[in-house]
1. Counting other C-beta atoms within 10 Å, which of Tyr78, Tyr124, Tyr382 has the fewest, and how do the rest follow?
2. Which of His44, His152 comes first, and how do the rest follow, when ranked by fewest Cβ neighbours within 10 Å?
3. What is the fewest-to-most order of Lys118, Lys356, Lys239 by other Cβ atoms lying within 10 Å of their Cβ?
4. Treat the chain as a sphere of radius equal to its Kirkwood radius over Cα pairs and apply Stokes-Einstein at 20 °C in a medium of 1.002 mPa s; give the translational diffusion coefficient in µm²/s, rounded to a whole number.
5. With springs only between Cα atoms under 10 Å apart, run a GNM on the chain and tell me which of Glu168, Glu96, Glu312 wobbles the most.
6. Give Lys90/Lys310; Lys166/Lys225; Lys34/Lys208; Lys242/Lys278; Lys118/Lys310 a once-over and call out the pairs whose C-alpha atoms are over 29 Å from each other.
7. Going by a ≥ b ≥ c, the root eigenvalues of the Cα gyration tensor, does segment 286-380 fall in the rounded group (a/c under 1.5), the prolate group (a/b larger than b/c) or the oblate group?
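Coordinate-derived values only; no laboratory data. Since the model is a prediction, treat every value here as computed from it, not as a measurement. A quick note on method: Cβ atoms are made from the backbone with ideal geometry, for glycine too, and the neighbour counts reach across all protein chains shown.
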Amino acid sequence: MQVKNKVKLKDKNVAVTLIPEDSEDLWYLFNLIKKGDTVQLLTHRNVKKGNQNQITKGKSKMEKILLKLRLVVEDIDYIASDLTMRINGKSLLQQEYVPLNSYHTAEIEINKEVSIVKSSWDEYDMTLLDELCSIEKKADIGAVIFQEGVAHLCYVTDQMTVLQSKIEKSIPRKNKDYGTKDLDKAMTSFYNMIIQGIIRHFDFNKLKVVILASPGFLAKTLYEKLIQECIAMQNSSTKESKIFQSILNNKNKILVTHSSTGYLQGLEEILNDKQSSKKLADTKFLEESEALTKFQKALNDDDDRAWYGKEEIIKALNMDAVRYLMISDELFRSDDIETRREYINLVEQAKRMNAKVYIFSSLHESGIQLNQLTGIAALLKYPVPDLDESDEE
């Protein structure tokens, strides 16, 4: 996503001009644009050219012209597999072929400029905008695809793969006179180079999956060496000690798998394999799924630590009793600005109280299950009975 400019308008509104570059950018825009926002973009329209007499007699010519539409959004039509997103709304700009307050549908397209005006850019909006502009923040998968002597470190989003670093090392063949001494030394050096690349490029706290893939058992060996290095260095006084600790804390995010090659074709092979794709999906949402599993167990045990519903969660937060707050991304897309802001405030309150916040994707099974429980739930630090009773009761 390109951000061309950001302008503060006279009425204190803020306008941002963007150019979506892939279908994932459209997904972010779908979450960013809300009912009541103003969207401005260029679009083509077929219009009748000629004088009024010709138009009346049906003798006018149809001509396609380029128009600038400025619409107050009333509805958004988006399907994830499409390469366009349709905006429906009322025109704010009087033009020859576009009457004021007339209704129009316009398409936001890849590589086409669009401006968005909001009366208020809240915390959730700013987070999305920040993620739109950074491949590191958009990506939720890191990958190391390698074979003897060459390794590729990549970020992977749903729509693209971005090569962050290529590591090359000359690896000698096994020598009949000297055995594997030189080979082992070179491979140890090669593994260390990859580990340094992982430390430099991958934030394990933010990524949801880190793939280690290679032909043979190289990926498994790399995983073992990475964990050994982290254990040895986690308590050191070096600047990287926190990084080593974060890798250990998130080692369940590492997916060790097989690829036929150490080049990028190997990554495509993994992403297109049905079995690997399921593993990836499960690993990407592992934290959320585990949190939901703990919540469901507490709910089944009926021990007063698992609650769902907005009013119940508000009471628990006000008591500083929340350990995990689980909330569906659907609630942040509410048409009602006040409702949306209320949920954003709940998330901010939970973070201030050091509760762990999980935002569930409605596209994954765990998110679907949470939506069936009002879309918001919490696992408490300690039992709190009768949260569902009204204050009057």
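1. Neighbour counts put them in this order, fewest first: Tyr382, Tyr78, Tyr124.
2. Placing the least packed residue first, the sequence is His44, His152.
3. Lys239, Lys356, Lys118
4. The diffusion coefficient I find is 87 µm²/s.
5. Per the Cα network of the chain with a 10 Å cutoff, Glu96 tops the list.
6. Lys90/Lys310; Lys242/Lys278
7. Judged from the Cα gyration tensor, segment 286-380 comes out oblate (a/c at least 1.5, b/c at or above a/b).
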